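To keep things clear, I will list the structure first and then write my remarks on it.
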Amino acid sequence: MSGTGTGDGVLDLLGIGIGPFNLGLACLAEPLDLDAAFLDARDGFAWHHGLMLADATIQVPFLADLVTLADPTSPYSFLAYLKEVRRLYQFYIREDFQPLRVEYDAYCRWAADHVAGLRWGREVIDVHREAPGPEPVYRVTARTADGLETYRTRHLVLGIGTSPWSPVSPETLDGDGTVALHASDYLNRRDDLLGLESVTVVGSGQSAAEVYHDLLSATGSGGPRVDWVTRSPRFFPMEYTKLTLEMTSPEYIDHFHALPSAVRDELLPAQRSLYKGIDAELVNRIHELLYRRSVHGLPCGLLTAATALDGVRRQPCAPRGGPRTPRPSLLMDLRCTDTGQTWQHSGDGLVMATGYRPTPADFLEGIETDIDRDEHGRYRVARDHTVDHAHRYIHVQNAEEHTHGLTAPDLGMGAMRNSIILRTICGREVYPVERSIAFQRFGATAPTQTQEVR
């Protein structure tokens with residue numbers, strides 16, 4: 001996989017964006033007879049560095065690495081990485097299937113340093129289709145520090161990921177005595193937050209819980225008051241039960257994908273709670289920390305669920321002694337989703353742990369007529385993760401939650417999705433795709449000898 005184009009100067013595969021999913025695709029494509037390249041605007045691989053807390057783990061077992069569930073013999077497996085850096089036996093003795101987040105990031109950067117075809121510092125700004133024909137060739141233009149580069153390819157794989165999202169814009173609230181940010185930037189601004197009198201964390205998932213726990217742990221007997229507000233009905237734990245995990249099976253994806261779009265949209269909110277909850281151990285550690293603070297007479301701050309943040313504005317407030325110049329604070333409009341009652345809460349810092357939304361792919365405007373979209377303007381993603389009208393040439397990574405369900409962002413499903421993408425590109429099944437792994441059945445099934453139709 002040289003990434004320089006075939007004899008006619010056309011790549012077999014061009015990946016746009018290099019996150020874990022397209023990085024895994026590069027690793028699985030390397031041993032194949034494919035000419036492929038992967039472009040990213042960044043200078044190198046980085047995965048959630050703003051939340052790379054020292055003791056945080058990924059929420060899936062190490063088998064959910066870049067390649068293992070497609071090819072356990074790949075030289076780019078997590079175990080191969082541990083062996084090369086001479087930490088395999090330490091990991092074995094640890095007896096914990098879930099790597100630390102910093103460890104997984106280091107593994108991905110190791111793979112990115114070794115695999116061929118990755119090209120950093122290349123921001124894709126335009127994609128056009130060359131002369132029409134049954135077999136399209138896409139011309140991709142990328143901006144680099146040295147000017148523009150052009151690539152030609154038969155297949156595109158869009159892996160541009162997601163971008164931080166919040167119901168209010170932190171940038172408009174940040175500065176001049178207050179600190180407001182998205183959780184993705186937390187570690188970069190942690191010291192700023194700890195220097196305030198109060199910090200409010202908004203969000204319901206793992207990131208919100210990690211930030212809240214970290215701030216509360218760091219305050220000791222001093223530091224800011226730490227509050228946590230979430231619109232979720234409660235502080236949901238992540239569900240790890242085995243039969244629920246079977247919802248990441250090919251059978252459930254088949255079932256979910258075949259449902260009408262409106263039905264899928266109704267099911268998605270409930271599905272998100274299955275993978276956007278909080279690690280149960282972390283929930284217990286938070287409760288223990290609050291309990292110990294109460295024993296020592298330390299304030300525990302505000303902790304409230306079923307509470308929506310409807311708006312935030314800056315306001316001056318009276319200083320506590322000292323100069324008479326008012327200091328700014330953030331006034332938050334809150335609403336109890338159970339009763340509809342509204343109230344206000346003030347603080348100096350705000351961390352929006354409110355998740356991510358798909359990154360807009362503005363560079364696709366030149367091939368918009370090639371892309372199949374639903375009535376809401378979303379990709380109409382086929383079961384094999386293609387989105388062009390022919391459903392053969394343009395593939396997506398983690399842009400199909402509305403069609404494939406909770407598996408779209410799941411690290412553990414990346415290798416299977418890449419196996420399917422490579423099957424389409426190569427015209428053969430290079431990496432065997434397991435099609436039946438669940439004990440349960442989804443949807444109506446034909447009667448068997450032990451079943452009756454009622």
Karplus-derived 3J(HN,Hα), 6.51/-1.76/1.60, for each residue of the stretch 207-215, Hz, glycine and proline x: 4, 4, 5, 5, 5, 4, 5, 5, 5
Local charge sum around residue 417 (other residues, Cβ-Cβ under 13 Å, Lys/Arg +1, Asp/Glu -1)? -3
Gain in length, residue 314 to residue 257, computed as 0.36 nm per residue apart minus the alpha-carbon separation, to one decimal in nm? 16.0 nm
Pulled fully out, how much extra length does the chain show between residue 188 and residue 129, if you take 0.36 nm times their separation in residues and subtract their Cα-Cα distance? 17.1 nm
Between residue 336 and residue 246, the FRET efficiency computed from the C-beta separation at R0 = 30 Å comes out, to the nearest 0.05, as 0.25
Sorted by chain and then number, the residues having a modelled amide H within less than 5 Å of the amide H of residue 225, at least 5 places away or on another chain, are 198, 199
Residue 350 long-range amide H proximity, modeled H, under 5 Å: 179, 180, 181, 200
For helix 414-426, what angle does its Cα long axis make with the longest principal axis of the chain, in degrees from 0 to 90 and rounded to 10? 30
For the full complex of protein chains and a 1.4 angstrom probe, list 128, 296, 404 by accessible area with the highest value first. 296, 128, 404
Give the separation of the Cα centroids, the stretch 339-376 to the stretch 87-125, in Å. 28
How much solvent-accessible surface does residue 314 expose, in Å² to the nearest 10, with a 1.4 Å probe and all protein chains in place? 90
Rounded to whole Hz and in sequence order, give me ³J(HN,Hα) for the stretch 93-104 from the Karplus expression 6.51 cos²θ - 1.76 cosθ + 1.60, θ = phi - 60°, writing x for Gly and Pro. 5, 4, 6, 9, 6, 9, x, 5, 5, 5, 6, 5
So how far apart, in nm, are the two label points at residue 162 and residue 423 if each is 7 Å from Cα heading toward Cβ? 2.6
Net charge around residue 144, counting only other residues with Cβ within less than 14 Å of its Cβ (Lys, Arg = +1; Asp, Glu = -1)? -2
Compute the separation of the alpha-carbon centres of the stretch 195-216 and the stretch 19-51 and state it in Å as a whole number. 31
Distant-in-sequence amide H partners of residue 329 (H built 1.01 Å from N, under 5 Å): 315, 317
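The values are calculated or read from the model by the stated rules, or taken from the named source; none is laboratory data. As the structure is a computational prediction, the values presented were derived from the model and not from experiment. Every residue, glycine as well, gets a Cβ built from its backbone with ideal geometry; the counts of neighbours run over all protein chains shown. SASA here: full protein model, heavy atoms, side chains in, ligands and nucleic acids out. Shrake-Rupley method; radii C 1.70, N 1.55, O 1.52, S 1.80 Å.
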